[in-house]
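The values are calculated or read from the model by the stated rules, or taken from the named source; none is laboratory data. In this text, all values refer to a predicted model and were calculated from it rather than measured experimentally. Glycine also receives a Cβ, built like all others from the backbone with ideal geometry; neighbour counts cover every protein chain displayed. All accessible areas refer to the heavy atoms of the entire protein, side chains included, with ligands and DNA or RNA removed. Shrake-Rupley method; radii C 1.70, N 1.55, O 1.52, S 1.80 Å.
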Amino acid sequence: MADRQLIDVLQGQLAELESRGLYKRERQLQGPQGAAIRVAGREVINFCANNYLGLASHPAVVEAAHEGLGRYGYGLSSVRFICGTQDIHKQLEKAIADFLGKEDAILYTSCFDANGGLFETLLGEEDTILSDELNHASIIDGIRLCKARRCRYRHSDMAELERGLQEAATSRVRMIATDGVFSMDGDLARLPDICALADRYQAAVMVDDSHATGVLGAGGRGTPEQQGVLERVDILTSTLGKALGGAAGGFTSGRQEMVDFLRQRSRPYLFSNSVPPMIVLAALKAVELVAGSGTLRERLHANAARLRGALTVAGFQLRPGQHPILPVMLGDADLASKMADRLLERGIYVIGFSYPVVPQGQARIRIQVSAAHTPEQLDRAARAFQEVGKELGVI
């Protein structure tokens, strides 16, 4: 066969991943997303999803999706500028912009695409991007597509960021790019310090707030609101696939001129089909729910505090943080994988993370808490962690 050489190479690489314990296997869910899910024919408590507010199966969100399907059809079969813009797309973009206090927003099929279509469109060889070393892969890949000079600074190292800004003094545009919440650790970008440096060196600030939109801040407006700099962040990208409904879709929000230019030149926007109508109406309902009440956020953070407290008292080492991502640090990759398997046997669905997803020697289990978890589910998880932790000598 003509592809034999390629297949031989891939088989060798797959075998190497398997031997190093890095091969990713996908467990199959037998039903809808939620705090409790069915896996392999039995119900388990789910601590792996980005379903922070429990909206993935919220009745009002599901009903809105049905309405979108019934009123607007399954899909547009087109990109936005040809034949793919419906009135509901513009309504959702306005709702997002109003919610975040920005002039406009532009929808993408994912936040990965939003980040992939941002830097190349706005920046060129005369410009410099300064990027945190722990930024999400979508920011890294988006920057790779861009011809601007790249400066990667150590994670949250403001002194190194400042040196990079000084070295970029002659650049036409300087842009600082950072996650709002770093998903493996649950820590927040130092946005007040970043914005202060941006003011001092006349740089633009871009934040991917996918893990914080709807989750952090008094009004759910994310990391910038939480840290009091919402008006000082120039470009905000985020997703509809986590707290805001959990399906798919992403967006970029900011100044009108920036959004207008992305509509003209951003390749993932120009050459991808429109976000499907059922997702648009479901996301509109999710934004309405998030903006209208803080009840789900309050329950989410109370749940996270309850479980964090129980695990800490039990003797586990957790990364400190203000986010419902709770990284339980284990160090050894095999230990993390073994612990996740034993927890699943006890009805607790978690995943072990190890290199290259996290640095060598920093393997962990990342717990993600939801507003949909009940106190009983949280307490059951704490007991299971304690039992397995003792069995494996972790505590």
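Counting each DSSP H run of 4 or more residues in the chain as -39500 (n - 2.57), what helix-only mean residue ellipticity at 222 nm follows after dividing by all residues, to the nearest 500 deg cm²/dmol? It would help to have the intermediate numbers written out before the result.
On the way: 15 runs with 167 residues, N = 395.
Computed ellipticity for the chain at 222 nm equals -13000 deg cm²/dmol.
Quickly rank 381-391, 220-230 as a protection proxy: mean count of other C-beta atoms within 10 Å, highest first. List each step's numbers first, then the result.
Numbers: 381-391: 18.2, 220-230: 22.4.
Descending packing order for the listed peptides: 220-230, 381-391.
Find how many whole Å separate the alpha carbon centroid of region 331-395 from the alpha carbon centroid of region 10-28. Region 10-28 and region 331-395 have Cα centres spaced 21 Å from each other.
For the chain, carbon and sulfur atoms together expose 50% of the accessible surface, with a 1.4 angstrom probe and every protein chain in place.
Between D141 and Q264, full extension at 0.36 nm per residue minus the direct alpha carbon distance yields a gain of 42.2 nm.
Arrange the residues D185, D3 by how much accessible surface each exposes, largest first, with a 1.4 angstrom probe. Intermediate values should be presented prior to the final figure.
Numbers: D185 25, D3 65 Å².
Heavy-atom accessible area, descending, gives D3, D185.
Once the Cβ-Cβ distance of A159 and F271 is raised to the sixth power relative to R0 = 41 Å, the FRET efficiency obtained is 0.50. The distance separating the Cα centre of region 159-204 from that of region 82-104 comes to 28 Å. Legend: calculated FRET efficiency, S57 to L392, from the Cβ-Cβ distance at R0 = 45 Å, rounded to 0.05, equals 0.85. Of the chymotrypsin sites (Phe, Trp or Tyr not before Pro) in region 23-113, the ones in a loop by DSSP (not H, G, I, E or B) with at most 11 other beta carbons within 10 Å are Y23, Y74. The overall shape of the chain, judged from the alpha-carbon gyration tensor, is rounded, with an a/c ratio under 1.5.
Which stretch or stretches of region 365-391 have amide N atoms under 11 Å from the point lying 7 Å from L17's Cα along the Cα→Cβ direction? Counting only backbone N, you get no residues.
Where only protein heavy atoms count, and the probe is 1.4 Å, what is the accessible area per residue for the chain in Å²?
Values: 18130 Å² over 395 residues.
With all protein chains present, the chain gives 46 Å² per residue.
Each DSSP beta bridge with both residues in the chain is either parallel or antiparallel, and the antiparallel ones are about 60%.
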